[in-house]
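Novice: This is the structure I have questions about; it appears just below.
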Amino acid sequence: MKLIELANIIKHSELTAIEHFPEELYTEYTITNPVIHISLKTSQTKQQVISFSIYLKKEKKYWASYDHNTDSIYELYCNLHLPASIKEIFLHMANC
């Protein structure tokens, strides 16, 4: 699965909290549960991914992250290996 595909799941999941920041010209989407914290920021038009991160709370580390200021756009389209625990979380989110 590609990072951009995971970002689209976040944008459309019923579990996602959405916050608009008109002064900063972005929208933030977040999902938090006891296992994972996911944050997605898009431009106000929601066409460009500004940043995206998946933080594993139990391991206390970022599993994946992207920032348009420091990373290549190519990184959004690379295939990622999803560990079974993360795959289950995203399948659940996609079905909500």
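A quick yes/no check of all residues on (1) at positive phi; (2) open to solvent by less than 60 Å² (accessible area, probe 1.4 Å); (3) not aliphatic (A, V, I, L, M):
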residue	(1), (2), (3)
ILE10	no, yes, no
HIS20	no, no, yes
VAL49	no, yes, no
TYR55	no, no, yes
LYS58	no, no, yes
HIS68	no, no, yes
ALA84	no, no, no
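Novice: Which residue pairs have Cβ atoms under 8 Å apart, sit 6 or more places apart or on different chains, and have a first residue in region 70-93 that is farther than 16 Å from ILE9 by Cβ and a second that is charged (D, E, K, R) and open to solvent by less than 100 Å² (accessible area, probe 1.4 Å)?
Specialist: Listed pairs, sorted by first residue: CYS78/LYS2.
Novice: Another question about this same structure. List pairs: first in region 1-21 and within 11 Å of LEU76 (Cα to Cα), second assigned to a helix (DSSP H, G or I) and aromatic (Phe, Trp, Tyr), Cβ under 7 Å, 6+ apart or cross-chain?
Specialist: Going by the 7 Å Cβ cut-off, the qualifying pairs are LYS2/TYR77; ILE4/TYR77; LEU6/PHE90.
Novice: State all residues of region 32-47 that are open to solvent by 60 Å² or more (accessible area, probe 1.4 Å), among the hydroxyl-bearing types (Ser, Thr, Tyr) and under 14 Å from the mean Cα position of the chain (by Cα); if no residue qualifies, say none.
Specialist: Result: THR32, single match.
Novice: Here is a follow-up. Collect the residues in region 64-96 that are closer than 14 Å to ASN33 by Cβ and touching a strand residue (DSSP E or B) at 6+ places or on another chain (Cβ under 8 Å), keeping them in residue-number order.
Specialist: The answer is ILE86, ILE89, MET93.
The values are calculated or read from the model by the stated rules, or taken from the named source; none is laboratory data. Just so we're clear, the structure is a prediction, and the values are computed from it rather than from any experiment. Heads up, the Cβs are rebuilt from the backbone with ideal geometry, glycines too, and the neighbour counts pull from every protein chain shown. To get the accessible areas, we keep the full protein, side chains included, count just its heavy atoms, and leave off ligands, DNA and RNA. Shrake-Rupley method; radii C 1.70, N 1.55, O 1.52, S 1.80 Å.
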